[in-house]
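The values are calculated or read from the model by the stated rules, or taken from the named source; none is laboratory data. It should be emphasised that the depicted structure is a prediction, and the values quoted were computed from it without experimental measurement. When we count neighbours, we look across all protein chains shown, and the Cβ atoms used for this are built from the backbone with ideal geometry, even at glycine. The accessibility values were calculated without ligands, DNA or RNA, using every heavy atom of the protein model including side chains. Shrake-Rupley method; radii C 1.70, N 1.55, O 1.52, S 1.80 Å.
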Amino acid sequence: MVSVINTVDTSHEDMIHDAQMDYYGTRLATCSSDRSVKIFDVRNGGQILVADLRGHEGPVWQVAWAHPMYGNILASCSYDRKVIIWKEENGTWEKTHEHTGHDSSVNSVCWAPHDYGLILACGSSDGAISLLTYTGLGQWEVKKINNAHTIGCNAVSWAPAVVPGSLIDQPSGQKPNYIKKFASGGCDNLIKLWKEEEDGQWKEEQKLEAHSDWVRDVAWAPSIGLPTSTIASCSQDGRVFVWTCDDASGNTWSPKLLHKFNDVVWHVSWSITANILAVSGGDNKVTLWKESVDGQWVCISDVNKGQGPVSTSVTEGQQNDQ
């Protein structure tokens, strides 16, 4: 049973496109077609507006929190072709950097695992993916992967900084050899996996084909170092796939259809332990899925997202009979 524990009235004046909790689960960032980014303190079931950030000139599609070891930092991306990095200094949120290197809407932003430093991947409708790396003293270095996806890139998601199988194989005391990787999804119906080469350049490592329409989101699952790597993807075609790779080389990925929905699926998101996948789509619902012992994905609940009250009582979940 899943229960709704809190509802936040954001006072956004238009559709909300993204909502992200910070690392500690004490603050919620939201963004909207009203061009604003808002930050709320949601401790103890409260909802105090901490900041109303204005700087974008179009709908804001996504927000992403950096790891708190770098301070309180939030990235946002918009239809206005800009990526803005916001930072809290002495209780006040300010714009600390603006990236204007794209020629079209920037649809997705995702921070790399904190082990790599402060690195932000940005996917755009111009087909390119840019990587912003903080080099100190307020400076950001930009690398760009042009033509990453023809027609446009809709989503980016980093692989965890954990070597697959290291939980079992890692020699004690030896520093693991991290290889930076991320996944992207695009309007070419493809998911692509990217890997940083030794010379610092990014190279396409893999193309994953299963969707028959635009890929709307990709989410690389967290890992504790088990041998299997997992990625979830969703699409305009209404389908959600869970991709797994069991070989250490990372070359063979096999898709499993989680479910075929009757409408576009916008977002997929893993729980921190990677055993539950949240899926939200055009049917205005969020569904939660868990892998059963026999390897099948089962819906453990659905939560109605917006059509009136969620259920008769706020604490009562809606059980799905799918």
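Take the conditions (1) more than 16 Å from ALA121 (Cα to Cα); (2) touching a residue at least 24 places away in the same chain (Cβ under 8 Å); SER105 misses just one of them, which is (1).
Could we say that TRP266 is of a type in the set (A, V, I, L, M, F, W, C) and either outside any strand (DSSP E or B) or under 22 Å from HIS17 (Cα atoms) (or both) here?
On the way: of a type in the set (A, V, I, L, M, F, W, C): yes; either outside any strand (DSSP E or B) or under 22 Å from HIS17 (Cα atoms) (or both): yes.
Judged against the criteria, TRP266 is a match.
Taken over region 4-25, the criterion of being over 30 Å from THR100 (Cα atoms) and surrounded by 13 or more Cβ atoms within 10 Å (Cβ to Cβ) is satisfied by VAL4, VAL8.
Sort through GLY25, GLY127, GLY45 and tell me the only one that's in contact (Cβ under 8 Å) with a residue 24 or more places away in the chain, out of contact with any strand residue (DSSP E or B) (no Cβ under 9 Å at 6 or more places or on another chain) and on the phi > 0 side of the Ramachandran plot.
Numbers: GLY25 fails: in contact (Cβ under 8 Å) with a residue 24 or more places away in the chain; GLY127 fails: out of contact with any strand residue (DSSP E or B) (no Cβ under 9 Å at 6 or more places or on another chain).
Exactly one residue qualifies, and that residue is GLY45.
Within region 234-263, being polar (S, T, N, Q) and touching a residue at least 12 places away in the same chain (Cβ under 8 Å) holds for SER235, GLN236, THR244, ASN251, ASN262. Restricting to region 205-226, and then to whatever is open to solvent by 60 Å² or more (accessible area, probe 1.4 Å) and in contact (Cβ under 8 Å) with a residue 40 or more places away in the chain, can you tell me which residue is nearest to SER280 (Cα to Cα)? Within region 205-226, the match that is nearest to SER280 (Cα to Cα) is TRP214. Quick check: is even one residue across region 279-286 in contact (Cβ under 8 Å) with a residue 24 or more places away in the chain, over 26 Å from CYS187 (Cβ atoms) and hydroxyl-bearing (Ser, Thr, Tyr)? Within region 279-286 (the criterion being in contact (Cβ under 8 Å) with a residue 24 or more places away in the chain, over 26 Å from CYS187 (Cβ atoms) and hydroxyl-bearing (Ser, Thr, Tyr)), the answer is no, since none of the residues qualifies.
Please count how many residues of region 298-322 are in a strand (DSSP E or B), more than 13 Å from PHE261 (Cβ to Cβ) and either modelled with pLDDT of 55 or more or within 24 Å of the chain's Cα centre (by Cα) (or both). So that I can check it myself, show each step before the final result.
Going residue by residue through region 298-322, those that are in a strand (DSSP E or B) are 298-304, 318.
Okay, now just the ones that are also more than 13 Å from PHE261 (Cβ to Cβ), so 298, 300-301, 303-304, 318.
Then keep just the ones that are either modelled with pLDDT of 55 or more or within 24 Å of the chain's Cα centre (by Cα) (or both); that gives 298, 300-301, 303-304.
Qualifying residue count, region 298-322: 5.
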